[in-house]
1. Return only the number of the condition from (1) in a helix (DSSP H, G or I); (2) open to solvent by 80 Å² or more (accessible area, probe 1.4 Å); (3) farther than 27 Å from Pro14 by Cβ that Asp80 does not satisfy.
2. Yes or no: Gln47 farther than 26 Å from Leu124 by Cβ, open to solvent by 80 Å² or more (accessible area, probe 1.4 Å), part of a helix (DSSP H, G or I) and free of Cβ contacts under 8 Å to residues at least 60 places away in the same chain?
3. Identify all residues within the stretch 50-61 that are open to solvent by 70 Å² or more (accessible area, probe 1.4 Å) and within 28 Å of Asp148 (Cα to Cα); write none if there are none.
4. Which of the residues spanning the stretch 17-35 are part of a helix (DSSP H, G or I) and either among the small types (Gly, Ala, Ser) or within 22 Å of the chain's Cα centre (by Cα) (or both)?
5. Among the residues of the stretch 62-77, is any open to solvent by less than 90 Å² (accessible area, probe 1.4 Å), without any contact (Cβ under 8 Å) to a residue 12 or more places away in the chain, under 30 Å from Leu140 (Cβ atoms) and within 20 Å of the chain's Cα centre (by Cα)?
6. Which condition from (1) modelled with pLDDT of 80 or more; (2) surrounded by 14 or more Cβ atoms within 10 Å (Cβ to Cβ) is the one that Glu35 breaks?
7. Check whether at least one residue in the stretch 89-98 is buried (at least 16 other Cβ atoms within 10 Å of the Cβ) and of a type in the set (Phe, Trp, Tyr), and report yes or no.
8. Go through the stretch 115-133 and report how many residues are in contact (Cβ under 8 Å) with a residue 12 or more places away in the chain and open to solvent by 70 Å² or more (accessible area, probe 1.4 Å).
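The values are calculated or read from the model by the stated rules, or taken from the named source; none is laboratory data. Note that the structure is predicted; figures quoted are calculated from it, not measured. Virtual Cβ from ideal backbone geometry, glycine too; neighbours counted across all protein chains shown. For accessibility, only protein heavy atoms count, side chains too; no ligands or nucleic acids. Shrake-Rupley method; radii C 1.70, N 1.55, O 1.52, S 1.80 Å.
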Amino acid sequence: QRLLTNLRQELHVPMLALQQHVLSLAQAPDDESRENLLRKAMEETSQTLALLDNIALHDRLDNESWQPEKAPFSPLAMMDALLLAHLPRLAEKGLQLFHHYRLEPQRLYVGDSAMLQKVLMLLLDYSITNTDYGKITLTLEADTQQADKLHIKLSDTGTRMSAAELDNLRPPWLTVPS
């Protein structure tokens, strides 16, 4: 019962947006408009499917039926794929991405790469959505005490930035009161 209530609450807005895109697509006056609306509808569909996956995962975590995979994976390949997929959204918002990969490039780690990628994707999506301008920094490095563990740090504008960096991020149309 609770799962169905959560599904309805979470899917209502994206499905309404998708419906609006499809209706607009049917009335689009030219090919360029149709192409733009189709792209938006595909993005909404993709986001809705990701939301369904997240709700299903949440349910599996709640009832403790999820078990992590243990398989070798390359953090470098995983991060490259994840960041490449997010470049269009970053560019659309005018955000800069800094990726500091401080691991041995060929080293494989053992763990649940799909779950790690999902968590990083959610955090990166959240960061992109909630950062209006500036930069997002993603750092991967090995634990200094335990070589088989990873440290992943995701920060966005305003997090651990010096005063000089923050001053440089002001858009030129903002004024500072005297």
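1. Going through the list (1) in a helix (DSSP H, G or I); (2) open to solvent by 80 Å² or more (accessible area, probe 1.4 Å); (3) farther than 27 Å from Pro14 by Cβ, Asp80 breaks only (2).
2. The answer is no for Gln47.
3. His58, Arg60, Leu61
4. Of everything in the stretch 17-35, those that are part of a helix (DSSP H, G or I) and either among the small types (Gly, Ala, Ser) or within 22 Å of the chain's Cα centre (by Cα) (or both) turn out to be Ala17, Leu18, Ser24, Ala26, Ser33.
5. Within the stretch 62-77, one or more residues are open to solvent by less than 90 Å² (accessible area, probe 1.4 Å), without any contact (Cβ under 8 Å) to a residue 12 or more places away in the chain, under 30 Å from Leu140 (Cβ atoms) and within 20 Å of the chain's Cα centre (by Cα).
6. It is condition (2) that Glu35 fails.
7. No, that holds for no residue.
8. Result for the stretch 115-133: 5.
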